[in-house]
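The values are calculated or read from the model by the stated rules, or taken from the named source; none is laboratory data. A quick note: this is a predicted structure, and the numbers were derived from the prediction, not measured. Counting neighbours? That spans all protein chains shown, and the Cβs are built from the backbone with ideal geometry, glycine included. Accessible surface is based on the protein model in full, side chains and every heavy atom, while ligands, DNA and RNA are left aside. Shrake-Rupley method; radii C 1.70, N 1.55, O 1.52, S 1.80 Å.
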Amino acid sequence: QVQLVESGGGLVQPGGSLRLSCAASGSIDIRYTMGWYRQDPGKQRELVATIISSGSTNYADSVKGRFTISRDNAKNTVYLQMNTLKPEDTAVYYCNAAYRLTTYWGQGTQVTVSS
């Protein structure tokens, strides 16, 4: 059974930092592209960042220079380090694993940036 379990969300003040983690289990392996997406109520889910097994990354323009995605292939875990957080970063953040036509999603973790 495939599972993606996110952790690390919470409430943080503007300018603060959070680190999200996503532990993958089941048949997910290094062939999968791992990523983070986010969704605000009433809006479409949007890409935040992705990373492949070689370490090559891709970021949304809105988070470049502030967020860093990384993965530990031995632990089957992907991380999202979020710095200089802004109120507009508030959303539910979802972990994603994708390989060819197969996609898995985590349950999501809430990130709220507010003073």
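Quick notes on this structure:
- Of the residues making up segment 1-45, those that are of a type outside the set (Phe, Trp, Tyr), in contact with a Lys or Arg (Cβ under 6 Å, 6 or more places away or on another chain) and part of a strand (DSSP E or B) are Met34, Gln39.
- Looking across segment 88-115, the residues that are among the β-branched types (Val, Ile, Thr) and either in contact with a Cys (Cβ under 6 Å, 6 or more places away or on another chain) or open to solvent by 40 Å² or more (accessible area, probe 1.4 Å) (or both) come down to Thr102, Thr103, Thr112.
- Taking the criterion of being at pLDDT 95 or above, assigned to a strand (DSSP E or B) and among the polar types (S, T, N, Q), the only residue of segment 88-102 that qualifies is Asn96.
- Taken across segment 2-15, residues that are acidic (Asp, Glu) and open to solvent by 30 Å² or more (accessible area, probe 1.4 Å) do not occur at all.
- Residue within segment 29-44 that is open to solvent by 30 Å² or more (accessible area, probe 1.4 Å) and in contact with a Leu (Cβ under 7 Å, 6 or more places away or on another chain) present: yes
- Qualifying positions in segment 57-87 - of a type outside the set (D, E, K, R), in a loop (DSSP other than H, G, I, E, B) and closer than 23 Å to Val2 by Cβ: Asn73, Ala74, Asn76
- Scanning segment 67-87 for residues that are more than 17 Å from Thr57 (Cβ to Cβ) and either modelled with pLDDT of 95 or more or crowded, with 16+ Cβ neighbours inside 10 Å (or both) yields a total of 5.
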